[in-house]
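Engineer: One structure coming up, written as structure tokens, with questions to follow.
The values are calculated or read from the model by the stated rules, or taken from the named source; none is laboratory data. Every value quoted in this text rests on a predicted model; they were computed, and no experiment measured them. All Cβ positions, glycine included, derive from the backbone under ideal geometry; neighbour counts span all protein chains shown.
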Amino acid sequence: MVSEGVMLDSMAYNTLLSGFFQVGKIGQAKKIFGEMRFNNVAPDVSTYNILIDGLCKNGCVTKAIEVFHTLKKKKSNFDLSIETYNCFLHGLCETGRLEIACNYFTNLPKKVCYRMLSHITSSSTGFVKKGSWKRQMICYQIWKKKVLLPT
């Protein structure tokens, strides 16, 4: 497209990334992400949500964890959205990484816990689907104390 004089914006790149991840073309998605950065199109929160979600759903959880940590270090550029945390925790649960998910879940910043009230079911569902009722209850109790008890 660029060779034809059409410059893609972040929305167009995000659409391409999402499509490649949906059909399991991880290599193509990585290539598109690299092209996006090469063409000085700044990835936004949606881009990173697509990356984390796509990597997790395609079994590249270690890479998704790396992306998540990179984002946390870049917090001066933008805040991680509730959707970012939700994609990440859901991906960990869906791929059976319950210990890792619970660790992240219980260490969420308090301000994120407050904002995550309506999204809490994603992580809970992941624990329950994988047969970890006890783990889900432990995480829930820790989360409830963070949100409901004053500091």
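Engineer: Taking the conditions exactly as written (assigned by TED's automatic domain parsing to the domain that holds residue 7, hydrophobic (A, V, I, L, M, F, W, C) and under 14 Å from the mean Cα position of the chain (by Cα)), does residue 64 satisfy them or not? Before you say what the answer is, go through the steps one by one.
Structural biologist: Numbers: assigned by TED's automatic domain parsing to the domain that holds residue 7: yes; hydrophobic (A, V, I, L, M, F, W, C): yes; under 14 Å from the mean Cα position of the chain (by Cα): yes.
So residue 64 passes the test.
Engineer: Restricting to the range 1-60, count the residues that are in a helix (DSSP H, G or I), of a type in the set (D, E, K, R) and under 18 Å from the mean Cα position of the chain (by Cα).
Structural biologist: Qualifying residue count for the region: 3.
Engineer: For the range 22-45, which positions are of a type in the set (Gly, Ala, Ser) and more than 20 Å from residue 92 (Cβ to Cβ)?
Structural biologist: 27, 34, 42, listed by residue number.
Engineer: Let me confirm something: among 39, 58, 49, which residue is surrounded by fewer than 16 Cβ atoms within 10 Å (Cβ to Cβ), in the same structural domain as residue 16 (by TED's automatic domain parsing) and in contact with a helix residue (DSSP H, G or I) (Cβ under 8 Å, 6 or more places away or on another chain)?
Structural biologist: Residue meeting the stated conditions: 39.
Engineer: Still on this structure, please answer the following. Evaluate the following for residue 105: is it at pLDDT 80 or above, hydrophobic (A, V, I, L, M, F, W, C) and not assigned by TED's automatic domain parsing to the domain that holds residue 32? Even if it seems obvious, please write down each step before you answer.
Structural biologist: On the way: at pLDDT 80 or above: no; hydrophobic (A, V, I, L, M, F, W, C): yes; not assigned by TED's automatic domain parsing to the domain that holds residue 32: yes.
Judged against the criteria, residue 105 is not a match.
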